[in-house]
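Working notes for the structure below.
The values are calculated or read from the model by the stated rules, or taken from the named source; none is laboratory data. For clarity, every value in this text was computed on a predicted model and none was experimentally measured. Using ideal geometry, Cβ is built from the backbone for each residue, glycine included, and neighbour counts are taken over all protein chains shown.
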Amino acid sequence: MVWSEAERELLRGGDRERRRLFDRALLLLDPPSVAAEAEHARAWRQKRRLLAAGPRPDAELAAWNELLSPHLVRRAAARETLARELETAANSALEAAGAGLPPLALRYAPSPPEARDSAGATLAVLAAREDEERRRGAPLLGPHRDRIAIELGASGTRRHASAGEQKIVALSLLAALERLLAGRGRAPLVLLDDLESELDPARAALAATLFSPARQVVSTSSREAESGPFPGVRWKLENGGITRLKSII
């Protein structure tokens, strides 16, 4: 599991970044689901190509929608369950670390909303939008339009949280995923790139506490310091060379 510059967009960016986190997490938590995801991806590509190619017989689009509808229901159920699990685990990690932040909430809204109900209801709404999809030449409903919001208390994090708080919240989601994986007997190696940027020493220590249960953590920092947020072996990269420094207990 990796934290890098890209993960900062979890809160600052749009739903696409959060959907990417969810899809990555689902494959880590349930590796056998990769087969169903591959089938869904193939059907989705075929539908997109069909719509982009211009007018085709109605039966062709209807056939792809029939194939896709159970996948939309499966994906919506998986993402909704993951939202609840990540929310619970992240709040637990933040509370244990003494973050002092309002409760974190993950709000998930599938596209179409009927994906929460059944494959039949999903197929009906897909069929109702076929003409519009033909006019626009692209799918208008599906997991690529799912909405995932991250909120602190009653406020959206992008509008009201500081940069440091946003990073702590995003890190708590990664820490939550680490806990979920460890609970399934698949404890990951955690890689944290430039963990301390945007964080004062107190928040850097808080960020490290979020990952204290992790079995193995590799963290980088651009700060010169005799100590760091994690115990263990320290290395210094300078002028293309790596030097082992003293261990931190």
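Number of residues in the range 44-67 that are part of a helix (DSSP H, G or I), closer than 17 Å to residue 134 by Cα and touching a helix residue (DSSP H, G or I) at 6+ places or on another chain (Cβ under 9 Å): the value is 12. Could you say whether any residue in the range 205-212 is aromatic (Phe, Trp, Tyr) and either part of a strand (DSSP E or B) or at pLDDT 85 or above (or both)? The answer is yes, given that some residue of the range 205-212 is aromatic (Phe, Trp, Tyr) and either part of a strand (DSSP E or B) or at pLDDT 85 or above (or both). Can you work out which of the residues in the range 175-208 that are out of contact with any strand residue (DSSP E or B) (no Cβ under 9 Å at 6 or more places or on another chain) and free of Cβ contacts under 8 Å to residues at least 24 places away in the same chain is farthest from residue 7 (Cα to Cα)? Ranking the candidates gives 185 first. Pairing each residue of the range 157-174 that is surrounded by fewer than 20 Cβ atoms within 10 Å (Cβ to Cβ) with any residue that is part of a helix (DSSP H, G or I) and modelled with pLDDT of 85 or more, provided the two are 6+ apart or on different chains, yields C-beta distances under 6 Å for 164/203.
Would you be able to say whether some residue in the range 96-111 is on the phi < 0 side of the Ramachandran plot, part of a helix (DSSP H, G or I) and not hydrophobic (A, V, I, L, M, F, W, C)? The answer is no; no qualifying residue exists.
Conditions (1) basic (Lys, Arg); (2) modelled with pLDDT of 95 or more; (3) over 19 Å from residue 178 (Cα atoms), marked per residue:
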| site | (1), (2), (3) |
| --- | --- |
| 7 | no, no, no |
| 12 | yes, no, yes |
| 19 | yes, no, no |
| 44 | no, no, yes |
| 57 | no, no, yes |
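Do you know which of the residues in the range 26-43 that are charged (D, E, K, R) and part of a helix (DSSP H, G or I) is surrounded by the fewest Cβ atoms within 10 Å (Cβ to Cβ)? The qualifying residue surrounded by the fewest Cβ atoms within 10 Å (Cβ to Cβ) is 42.
Could you please find all residues in the range 47-76 being touching a residue at least 12 places away in the same chain (Cβ under 8 Å) and hydrophobic (A, V, I, L, M, F, W, C)? Correct list: 50, 51, 52, 61, 62, 64, 67, 68, 72, 73, 76.
Filtering 151, 133 for residues that are buried (at least 16 other Cβ atoms within 10 Å of the Cβ), acidic (Asp, Glu), on the phi < 0 side of the Ramachandran plot and free of Cβ contacts under 8 Å to residues at least 60 places away in the same chain leaves a single hit, 151. Figure legend. Inter-residue proximity from the range 17-32: first residues free of Cβ contacts under 8 Å to residues at least 40 places away in the same chain, second residues in a helix (DSSP H, G or I) and among the charged types (D, E, K, R), beta-carbon distance below 6 Å, spacing 6+ or different chains. Indicated pairs: 17/9.
Condition first: surrounded by fewer than 16 Cβ atoms within 10 Å (Cβ to Cβ) and closer than 18 Å to residue 179 by Cα. Can you find one or more residues in the range 72-82 that meet it? Within the range 72-82, one or more residues are surrounded by fewer than 16 Cβ atoms within 10 Å (Cβ to Cβ) and closer than 18 Å to residue 179 by Cα. Among the residues in the range 221-230, are any modelled with pLDDT of 85 or more and farther than 22 Å from residue 22 by Cα? For the range 221-230, residues modelled with pLDDT of 85 or more and farther than 22 Å from residue 22 by Cα: absent.
A count restricted to the range 89-117 and to residues that are closer than 17 Å to residue 180 by Cα, surrounded by 21 or more Cβ atoms within 10 Å (Cβ to Cβ) and not hydrophobic (A, V, I, L, M, F, W, C) stands at 0. Do we find a residue being farther than 21 Å from residue 36 by Cα and assigned to a loop (DSSP other than H, G, I, E, B) anywhere in the range 76-94? There is no residue in the range 76-94 that is farther than 21 Å from residue 36 by Cα and assigned to a loop (DSSP other than H, G, I, E, B).
Considering the range 91-125, and only residues there that are more than 26 Å from the chain's Cα centre (by Cα) and hydrophobic (A, V, I, L, M, F, W, C), the residue that is farthest from residue 205 (Cα to Cα) turns out to be 124.
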